[in-house]
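Participant: Structure in structure tokens, see below.
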Amino acid sequence: MLCSLTEKQKQQIAHPFPKNGQDPHGKIIGHGKFKYKVDAHWGKLDPKQYPIENCHAMVMDSQGRIFMITDNTQNNILVYSQQGELLDAFGTLFPGGHALKIVKEGEQEFLYVVDSGWIVNRHWDGHSKEQWHSPTNNVIPQAGFIAKMTLDGKLVYTIGHPQTYGAYTPQQPFRPTDIAIAPNGDLYVTDGYGSDFLLHFDKHGRYIKHWGGHDNSDANYNLHNTHGIEVDLRDATNPSLIVSSRFEQCLKVFSLQGEYLSKISANGAYIGGPVFKGELFYAPVCWSHIDERNADDSGFISIFDQSNKIVANLGAPQPVYIEGELQPMQTDWQIFNHVHCICVDQDDNLYVGQWNSSNSYPMKLIKQN
């Protein structure tokens, strides 16, 4: 018989608990060929030496090392082995650290870091955490930026507020959330906490164009909290961009030139950007849509097939399509709080980071054969 632990017992275990109050460690989750064992102890470190605020992004380099960014500036970037050992820790310049991508140029790999522009407020009143524009909130907004770095943390260049190259007015906020890199090196940046545009740069960080925002005559081009982005290379002759429009509960597909192509429903899920592995992609869900709002502690993971149809949910009931239409999805409250990032290794194991989940380290989902 399962029973909930006390708050003291939860603190001693020191990893996040879902809303049902039961320890997720060791559980088998998923469906069909998508079954995983939860290792909630995987990424734990000494919080005094390596504190984190949120696990915002995780990516893997060619050596199989897993890079994770947190918005705690004591060590913004933590580098793990696949066994959960800490290999490196660096970076103190990203108070709004939010996204990472690794790209290989010639023989060298580079790390792109997206800072959303949130800083810890030295005038915090000690309790306000949701009034983002209050002068006494625990974090306050400023302009974000993108940094290109070597894998050991040396800065190559930065991209700042679009007013500096004439794309925005000074009054338009710029708080980017994610970046994707095309095969030719071009960069695509989502401004999901700012003005909701998608900005296109060349590989040297020079501005080309932007699209999106909120007021297009064709609503398909509108983006609302565009949180994640990736280049879809499954059709090598026609690569495209898959972009989350999180508060529309969908993903939108654009050409690399910015032409709207299609929409992928995530009915009921406030979904992030895709993480590709072969013909599949995995997407983090930060919240479920319950009682007409994004409900706290209601995240999960959706897995999509080559036709962009959801074939499995982790931490939620399995998806249901009726006459081709995805029915509303929501959490089962058993595993996750707010899933923010996913990394997939060569064995299809998943590494999962969460936002707003008691400063918790990432967990590992071990693929079951």
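The values are calculated or read from the model by the stated rules, or taken from the named source; none is laboratory data. This is a predicted model, so every value here is computed, not measured. Methodologically, a virtual Cβ is constructed for each residue, glycine included, from the backbone with ideal geometry; neighbour enumeration extends over all protein chains shown. To get the accessible areas, we keep the full protein, side chains included, count just its heavy atoms, and leave off ligands, DNA and RNA. Shrake-Rupley method; radii C 1.70, N 1.55, O 1.52, S 1.80 Å.
Participant: Of the numbered conditions (1) crowded, with 17+ Cβ neighbours inside 10 Å; (2) under 30 Å from LEU87 (Cβ atoms); (3) hydroxyl-bearing (Ser, Thr, Tyr), TYR168 satisfies every one except a single condition; which is it?
Facilitator: All conditions pass for TYR168, except number (2).
Participant: Among the residues of the stretch 178-200, write down those that are closer than 28 Å to THR237 by Cα and in a loop (DSSP other than H, G, I, E, B). Full working, then the answer.
Facilitator: Of the stretch 178-200, the ones closer than 28 Å to THR237 by Cα are 178-191, 197-200.
Once the filter is applied, which keeps residues that are closer than 28 Å to THR237 by Cα and in a loop (DSSP other than H, G, I, E, B), the stretch 178-200 yields ALA182, PRO183, ASN184, GLY185, ASP186, ASP191.
Participant: Residue by residue through the stretch 314-369, note down the ones that are part of a loop (DSSP other than H, G, I, E, B), surrounded by fewer than 24 Cβ atoms within 10 Å (Cβ to Cβ) and among the hydrophobic types (A, V, I, L, M, F, W, C).
Facilitator: VAL320, TRP333, TRP355
Participant: Additional query: Can you say whether GLY153 is out of contact with any strand residue (DSSP E or B) (no Cβ under 9 Å at 6 or more places or on another chain), in a loop (DSSP other than H, G, I, E, B) and open to solvent by less than 60 Å² (accessible area, probe 1.4 Å), as far as the supplied structure shows? Show your work before the answer.
Facilitator: Details: out of contact with any strand residue (DSSP E or B) (no Cβ under 9 Å at 6 or more places or on another chain): no; in a loop (DSSP other than H, G, I, E, B): yes; open to solvent by less than 60 Å² (accessible area, probe 1.4 Å): yes.
Considered against the rule, which asks whether it is out of contact with any strand residue (DSSP E or B) (no Cβ under 9 Å at 6 or more places or on another chain), in a loop (DSSP other than H, G, I, E, B) and open to solvent by less than 60 Å² (accessible area, probe 1.4 Å), GLY153 comes out as no.
Participant: Please list, ordered by first then second residue, the pairs with beta carbon atoms under 7 Å, 6 or more apart or interchain, first in the stretch 216-235 and farther than 17 Å from ALA269 by Cβ, second at pLDDT below 95.
Facilitator: Listed by first residue and then by second, the contacts come to nothing, as the list is empty.
Participant: Right, something else. What number goes with the only condition from (1) more than 26 Å from ARG65 (Cα to Cα); (2) in a loop (DSSP other than H, G, I, E, B); (3) of a type in the set (A, V, I, L, M) that VAL311 does not pass?
Facilitator: Status for VAL311: all satisfied but (2).
Participant: Does the stretch 65-88 include one or more residues that are open to solvent by 40 Å² or more (accessible area, probe 1.4 Å), in a loop (DSSP other than H, G, I, E, B) and under 21 Å from GLU230 (Cα atoms)? Break it down stepwise before answering.
Facilitator: Quick first cut of the stretch 65-88, residues open to solvent by 40 Å² or more (accessible area, probe 1.4 Å) only: 65, 73-74, 83, 85-88.
Of the ones still in play, those that are also in a loop (DSSP other than H, G, I, E, B) are 65, 73-74, 83, 85.
Next, from what is left, pick out any that are under 21 Å from GLU230 (Cα atoms): 65.
Checking the stretch 65-88: at least one residue is open to solvent by 40 Å² or more (accessible area, probe 1.4 Å), in a loop (DSSP other than H, G, I, E, B) and under 21 Å from GLU230 (Cα atoms).
Participant: Out of the residues in the stretch 108-150 that are among the small types (Gly, Ala, Ser), part of a loop (DSSP other than H, G, I, E, B) and open to solvent by less than 10 Å² (accessible area, probe 1.4 Å), which is farthest from TRP355 (Cα to Cα)? It would help to see each step written out before you state the result.
Facilitator: The initial filter retains those residues of the stretch 108-150 that are among the small types (Gly, Ala, Ser), namely 116-117, 126, 128, 134, 143-144, 147.
This time we only want the ones that are part of a loop (DSSP other than H, G, I, E, B), so: 116-117, 126, 128, 134, 143-144.
Checking which are open to solvent by less than 10 Å² (accessible area, probe 1.4 Å) leaves us with 116-117, 144.
On the way: SER116: 14, GLY117: 16, GLY144: 19 Å.
This residue is GLY144.
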